[in-house]
Amino acid sequence: MGDYYQRDWGQHPPALSPDYKTSVARSPNAALLSLPQGVGEITGPCFGAGDAGPEDRDLIHNHARPGESAIGERIVLYGRVMDGDGRPLPRTLIEIWQANAGGRYRHRNDGYLAPLDPNFGGTGRTLTDEAGHYAFHTVKPGAYPWRNWANTWRPAHIHLSIFGAGFAQRLITQCYFEGDPLIAHCPIVHTVADEEARAALVAALDLNATIPFDSIAYRFDIVLRGRRSTPFENRQEGA
Amino acid sequence: MAKPLNYLKETPSQTAGPYVHLGLAAGAAGLTQAPAELGTDIAGPKAQGERIRIEGIVRDGTGAPVRDALIEVWQANAQGRYAHPEGGGPVEPGFRGWGRAPCDFETGHWAVDTVKPGPVPWRGGMRQAPHLSLWIVARGINIGLSTRMYFGDEDAANAADPILGMIEQAQRRATLIAPREDGSPPTYHFDIALQGADETVFFDF
Ligand SMILES: [Fe+2]
């Protein structure tokens, strides 16, 4: 295999997005230095079954007392991880974190007045299967307020961290839920300028994937960078 | 008009936000009842090479510490091999070469314990000086920032490093080189400036 395709920066938010105020002092001024990929960019950490067990993808129960479960709208969040050529990414680690159904995170820095759910931790992880599929069982997170403008609300969202097969594919993102009216008002969603790209962040309601009389389902497919299938060693510049 | 190529577009990045620790470093978030954290041991007990510590702070454009950042490290072992099928060969059992460290919520300091990596091959038969690849995410960072840390006691290798040599403004190369302080373990200090006159060099690859 060769290099990863160069990143399509039009898909991504710029470092500086003034409407998301925290980015103003946390964005580099200088242009990123473009680097040919070497072995350290093409490779990345490998994970296995020992890193994520079946209980780790069930957020309804992974922090619950025996016989109890988390409060909220029960959902299956599922999808497929592929690269830019549509090839599935097997055995890649996905980690998620989210607020509870009331919009409160189990995090020492979250002081929102909505209560914690004693049966909900809000974090999980899983490996994709051989065909790149993944699934989490969780509750739909609530919207929550934050200080950007004086009164700003995040749409319901789940944070996802995905590794891929090499560090060049490393990605952290957030998925939103189809039909949420807050998506249109969110300055973080709108750090992504391209409308089609923003739409790729919205998980689709999928009635076919619901668990009858148990959980509703949302599908969120993830695309990481594609890769040349033939390695061509570049000549040194000027050589 | 031509037939569309139909490549799939990469999923857009979104900031890791203020609560990234809940997902990636649960202990820092205050979550006691959670599966074992990943990335707490970069090298494992059997790794060869010199045991070192790396510590530093991340600062924003005003000079204030970024106290909610999270840093990931990816590195070769002492033989210059990565723990990956395309990483150049086998590595010691338990060597993953990857880890993560949250910044301290009070002070903004971060630290990792690892082994010093060896030089790594580069194109055209060249070699890269020993270095770590770092990836920084935080609230206010819309897409993870990639940089590298080189070692302050590797002057000759650093001077010949093809990546450092690509940095046009020579004075900015120093932003990637961590001075060494002897001790037990020897400690390299690597501060990261997200923005400003002493801004760290960040990469696109
Ligand atoms: Fe969030």
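Summary of computed values
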| read-out | value |
| --- | --- |
| Measure of compaction for the range A:10-53 (Cα Rg per 2.2 N^0.38 Å) | 1.80 |
| 10 Å Cβ neighbours from other chains, averaged over peptide A:172-179 | 4 |
| Relative contact order (%) - criterion: Cα under 8 Å, at least six apart; region: the range B:1-77 | 20 |
| Percent of Cα-Cα distances greater than 31 Å, calculated over the protein assembly as shown | 39 |
| Whole-angstrom gap from the range B:61-138 to the range A:1-73, using each part's C-alpha centre | 16 |
| Positive-end extreme of charge dipole, the range B:67-205 - chosen from B:VAL91, B:PHE151, B:GLN128 (charges on Cβ) | B:VAL91 |
| Cα-based equivalent ellipsoid of chain A: semi-axis lengths in Å, sorted from largest, via gyration tensor | 32, 24, 16 |
| Net dipole in debye of chain B [+1 Lys, Arg Cβ; -1 Asp, Glu Cβ; about Cα centre; nearest 20] | 640 |
| Fewest-first ranking of A:ILE211, B:ILE57, using other Cβ atoms within 10 Å as the exposure measure | A:ILE211, B:ILE57 |
| Selection of trypsin sites (Lys or Arg not before Pro), the range A:40-133, meeting DSSP coil and at most 14 other Cβ within 10 Å | A:ARG108 |
| Within straight-line cross-link reach of B:LYS9, lysines at Cα separation under 30 Å, skipping those fewer than 8 residues along the same chain | A:LYS21, A:LYS140 |
| Of B:ASP41, B:ASP182, B:ASP191, the one that fluctuates the most in a GNM where chain B has Cα springs shorter than 10 Å | B:ASP182 |
| Contact order relative to length of chain B, as percent, for alpha carbon pairs under 8 angstrom and 6 or more apart | 24 |
| Compactness of the range A:76-164 as Cα Rg over 2.2 N^0.38 Å, two decimals | 1.27 |
| Within the range B:50-147, trypsin sites (Lys or Arg not before Pro) in DSSP loop having at most 13 other beta-carbon neighbours inside 10 Å | none |
| Fraction in percent of alpha-carbon pairs per bin - 5 Å, the range A:155-204 | 5, 19, 28, 23, 14, 8, 3, 0 |
| Cα-centred dipole magnitude for the range A:1-104, charges only on beta-carbon of K, R (+1) and D, E (-1), debye, nearest 20 | 260 |
| Packing-based exposure ordering (other Cβ within 10 Å, fewest first) of B:THR15, A:THR230, A:THR92 | A:THR230, A:THR92, B:THR15 |
| The range A:120-154: chymotrypsin sites (Phe, Trp or Tyr not before Pro) falling in loop per DSSP and having at most 16 other Cβ within 10 Å | A:TRP149 |
| Tail weight of P(r) past 18 Å, computed on alpha-carbon pairs of the range B:67-205, percent | 58 |
| Fluctuation leader among A:GLN169, A:GLN37, A:GLN98 - chain A, Gaussian network, Cα springs under 10 angstrom | A:GLN37 |
| Neighbour-count order for B:MET149, A:MET1, fewest beta carbons within 10 angstrom listed first | A:MET1, B:MET149 |
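No lab work stands behind these numbers, since they all come straight from the coordinates. As the structure is a computational prediction, the values presented were derived from the model and not from experiment. Counting neighbours? That spans all protein chains shown, and the Cβs are built from the backbone with ideal geometry, glycine included.
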